[in-house]
1. Where the convex hull is taken over the Cα atoms of the chain, what is its projected area averaged over directions, in nm²?
2. For the chain, what is the calculated [θ] at 222 nm in deg cm²/dmol (nearest 500), taking -39500 (n - 2.57) for each run of four or more DSSP H residues and dividing by its residue count?
3. Go ahead and set up a Gaussian network model of the chain, Cα springs under 10 Å, then flag whichever of VAL269, VAL33, VAL96 fluctuates most.
4. Comparing PRO283, PRO12, PRO132, which has the greatest mean-square fluctuation in the GNM of the chain with Cα pairs linked when under 10 Å apart?
5. Please identify the DSSP H helices in the chain that span no less than 30 Å along the helix axis (Cα) and have a mean Kyte-Doolittle hydropathy of -0.5 or more.
6. Could you give me the percent of Cα pairs per 5 Å distance bin for segment 123-251, shortest bin first, beginning at zero and ending with the bin that holds the maximum distance?
7. Would you list PHE118, PHE216 from fewest to most Cβ contacts within 10 Å?
8. Looking at the chain, how many pairs of lysines come closer than 25 Å at the Cα, when each pair is eight or more places apart or spans two chains?
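Taken together, the values in this text are just the output of simple stated rules run on the coordinates, not laboratory data. These numbers were taken from a predicted model, which means no experiment stands behind them. Cβ placement follows ideal geometry from the backbone for every residue including glycine, while neighbour counts extend to all protein chains displayed.
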Amino acid sequence: MKADKGFFRQSPSDMAFDIIVRFLVLFAVLICVYPFIYVISISMSNGQAVNQGRVWLLPVDLDFTAFGIVMNYDELWTSYLNTIFYTVVGTVCNIVMTCLAAYPLSRHRFFLRRKMNFLLAFTMYFSGGLIPTYIVVTSLGLYNSRLAMILPVLCTAYNVMICRSAFEAVPEELFEEASLEGANDFTILTKIAVPLIKPTLAVLTLYYAVARYNDFFNAMLYLGKRELEPLQLFLRKILLLSSSEILQSSGSLTAVAAAAQSTLQIRYVCIVLSVIPILIICPFVQKYLVKGTMLGAVKG
């Protein structure tokens, strides 16, 4: 039996709706992609072309002089290494603490489950505030310490709730059978629960890693030593100072070269260098993003 071809034809209103939707999607993509292309083009163009405003989409007179100037600055690499340390160590600690907090909250036999869930949700709406937090951190002797970038933000309530929902989606029978076989809660958590929610943990890892990588406010509060500052504080200096002021401590020749270069170009080169690690990591966890988020957010 042949299907009526006219049945599958779209009406004029449906075709118009599809055209409008595709146009809006294309417009949204252009809005998101163009600034990134523009930043890359500025960083790779000739300084004179940048100063004259001749760069608006693609690089003009391809020139990597600005990259050489910025990459000779020692503070850039020091802050880069600090950020990598804060991101890697901090993300590992975040995931461990999130799992340790979410697992007992997902077990119905935990006698404080209801009260702890209430307190967890309460912290999402009310907190002690900035000043009490600063007093606590400094009173613990964490000021000008790398731990000041890790301990105050070991986990967030929202991510704990996502992880808790993912644990709750695991069939209870698996835990009961493991208990009958003599497994304790730590063994059940590490051998059964965690492997079954890997997509959710991949998404939480991305959330925590991006937050750690972009964190500059805590560094402004708790770090006074330049050798401990993360990359984001270095980028903040770039936005506030001129290129020659930023790079003058690298030596007279570097300062002169920076002065001859476009200040905007120096800033954009640093932005491009700072984005590279995120661009490398994101494709490896992208396939888990939708699946992991839905698994943790919706209880089936």
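1. Numbers: hull surface 102.3 nm².
For the Cα atoms of the chain, the hull's average projected area reads 25.6 nm².
2. On the way: 15 runs with 208 residues, N = 300.
Only helices count here, giving -22500 deg cm²/dmol.
3. VAL33
4. Fluctuation is largest for PRO12.
5. Working: long enough: 12-44 (46 Å, 1.84); 74-106 (47 Å, 0.86); 263-297 (46 Å, 1.44).
Counting only whole DSSP H runs, the qualifying helices are 12-44, 74-106, 263-297.
6. Each 5 Å bin holds this share of Cα pairs: 2, 8, 13, 14, 13, 12, 11, 10, 7, 4, 3, 1, 1, 0.
7. Details: PHE118 9, PHE216 17.
By the 10 Å Cβ count, ascending: PHE118, PHE216.
8. 10
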